[in-house]
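Encoded as structure tokens, the structure appears first; notes follow it.
The values are calculated or read from the model by the stated rules, or taken from the named source; none is laboratory data. Please read these numbers as outputs of a predicted model, since none were measured by experiment. Positions of Cβ are generated from backbone atoms using ideal geometry, with glycine treated the same way; all protein chains shown enter the neighbour counts.
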Amino acid sequence: MNETRKIYMDYNATTPISAEVKAQMIEDLNIYGNASSMHADGRHARNRIEEARQQVAALIGGKAPEIVFTSGGSEANNMVFHTAESIIDGTLELSPQWADKLKGRNEIITSAIEHPCVLNSAKYLATLSKKGTLNCKVIFVPVDADGKLDMDAYKAALSDKTLLVSVMMANNEIGTIQDVKAIAALAHEAGALFHSDIVQACGKIPISVGDMRIDYATMSCHKIYGPKGIGVLYAGSGFPLYPLIQGGHQEDGMRAGTYNNLGILGYGKAAELAKANLADYGKTMRALRNRLRDGLLKNIPNIKINGHPEDVLPNTLNVSFPGAEGEAILLSMDLAGIEASTGSACASGSLEPSHVLMAIGANPELAHGSIRFSVGLGVTEEDIDYVIETMPPIIKRLRAMSTID
Ligand SMILES: Cc1ncc(COP(=O)(O)O)c(C=O)c1O
């Protein structure tokens with residue numbers, strides 16, 4: 001055990017701010033003007049924010065006016081479901097074209113493995129409906145053993161009542177990448193709106209909202225080596241949108257509150273770098289992840305890799321260690337200086353087995369004994385080899401102590 005060593009392999013939970021973004025943000029600390037003010041300081045802040053908007057839009061092939069800055073991915077996802085609710089209950093006054101297109105639609109389709117901020121937003125609308133205050137139906141579509149959306153179940157769920165389909169591009173726990181283009185095409189064929197939570201995919205794989213025909217997309221800066229507390233809801237030009245935060249007319253009236261200059265400017269820089277490094281990132285991460293996967297498979301008997309074998313984020317490796325308990329594995333890893341996670345950071349602390357692993361058919365014991373390694377730009381081959389060397393005795397010891405068969 002190396003007391004001083006620390007290897008961070010929890011990049012899906014969050015990333016450190018990169019040196020370039022940090023340097024830019026330190027300089028930008030001086031940009032204090034309220035971007036809504038008309039004077040020179042206000043205009044300067046505004047101009048810089050508009051530059052950052054272009055940089056963020058460019059990362060996903062969108063246009064700057066389609067970017068709404070939010071406090072993060074959770075808020076952006078909530079805003080999409082709030083918009084759907086506002087369409088169903090009539091709070092949002094639609095243009096005649098949209099009113100005609102969306103008339104009588106009150107069903108929402110999402111997947112069983114979404115991030116809790118989508119799942120709980122969907123469940124909230126289901127609860128309102130149960131209480132009789134909203135007339136809405138929510139359908140959770142299952143996934144297969146690799147975490148891919150069950151396309152037959154999805155097709156069966158779609159109808160002329162479908163208002164919104166929300167399916168994440170890549171899963172935060174197992175890394176499985178969905179065929180978003182095909183899922184969006186089917187949603188559109190049925191006349192529905194299509195949203196994708198691209199928080200984990202963004203900056204890791206190429207994304208084009210135009211080519212994939214994504215109407216709404218959720219993004220978050222702290223997953224791409226930028227600051228926390230800043231995210232984006234991409235909403236295609238002219239698509240219905242209803243503000244979650246009411247107040248001033250910032251963000252075209254879609255998200256009130258004084259502009260978060262520093263967060264937005266940090267996001268701009270992080271997005272610019274992510275776009276420039278995308279190809280390299282994929283190659284480097286895939287090599288590190290595969291080295292880790294092959295090393296663990298070689299050195300530890302009876303383990304299972306979760307997620308799709310090919311359509312998976314290049315940096316994500318989710319491993320089940322039957323006979324060992326996830327929290328105990330994590331604690332031993334932490335003592336050895338290795339930081340990873342048992343599931344999504346938002347779900348950790350709960351004793352419930354991961355809803356994602358349960359959805360791909362893992363039994364509760366396996367779901368409890370799984371570790372998510374997510375590598376990132378600070379990880380070296382040497383770090384990977386240290387993990388490969390350190391894990392076998394940890395698993396062996398915990399399995400020997402285990403009361404689980
Ligand atoms: C897939 C996914 N969606 C949404 C979020 C929430 O983003 P934020 O932390 O910016 O609220 C996360 C973060 O863990 C995520 O992984």
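Checking 268, 191 one by one, the residue that is closer than 28 Å to residue 42 by Cα, more than 16 Å from the ligand (Cβ to nearest atom) and of a type outside the set (A, V, I, L, M, F, W, C) is 268 and no other.
Each row is one residue, and each column tells you yes or no for (1) assigned to a helix (DSSP H, G or I); (2) β-branched (Val, Ile, Thr); (3) in contact with a strand residue (DSSP E or B) (Cβ under 9 Å, 6 or more places away or on another chain).
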{"position": "245", "(1), (2), (3)": "no, yes, yes"}
{"position": "251", "(1), (2), (3)": "yes, no, yes"}
{"position": "283", "(1), (2), (3)": "yes, no, no"}
{"position": "287", "(1), (2), (3)": "yes, no, no"}
{"position": "293", "(1), (2), (3)": "yes, no, yes"}
{"position": "331", "(1), (2), (3)": "yes, no, no"}
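Flag: residue 242 does not match the condition of being surrounded by 20 or more Cβ atoms within 10 Å (Cβ to Cβ) and among the aromatic types (Phe, Trp, Tyr). Can you confirm whether segment 72-85 contains a residue that is without any contact (Cβ under 8 Å) to a residue 40 or more places away in the chain and more than 19 Å from the chain's Cα centre (by Cα)? Within segment 72-85, none of the residues are without any contact (Cβ under 8 Å) to a residue 40 or more places away in the chain and more than 19 Å from the chain's Cα centre (by Cα). Once segment 149-169 is narrowed to residues that are out of contact with any strand residue (DSSP E or B) (no Cβ under 8 Å at 6 or more places or on another chain) and part of a helix (DSSP H, G or I), the residue that is surrounded by the fewest Cβ atoms within 10 Å (Cβ to Cβ) is 152. Of the residues in segment 202-214, at least one is away from the ligand (no atom under 16 Å from the Cβ), assigned by TED's automatic domain parsing to the domain that holds residue 83, more than 15 Å from the chain's Cα centre (by Cα) and crowded, with 17+ Cβ neighbours inside 10 Å. Listed by position, the helices (runs of 4 or more DSSP H) inside segment 33-109 whose residues that are within 16 Å of the ligand (Cβ to nearest atom) number at least 1 are 40-59, 73-88. Kindly list the number of the only condition in (1) closer than 19 Å to residue 399 by Cα; (2) surrounded by fewer than 21 Cβ atoms within 10 Å (Cβ to Cβ); (3) touching a residue at least 24 places away in the same chain (Cβ under 8 Å) that fails for residue 297. Unmet condition: (3). Please enumerate the residues belonging to segment 107-116 that are buried (at least 21 other Cβ atoms within 10 Å of the Cβ) and of a type outside the set (D, E, K, R). 108, 109, 110, 111, 113, 115 - these are the residues of segment 107-116 that are buried (at least 21 other Cβ atoms within 10 Å of the Cβ) and of a type outside the set (D, E, K, R).
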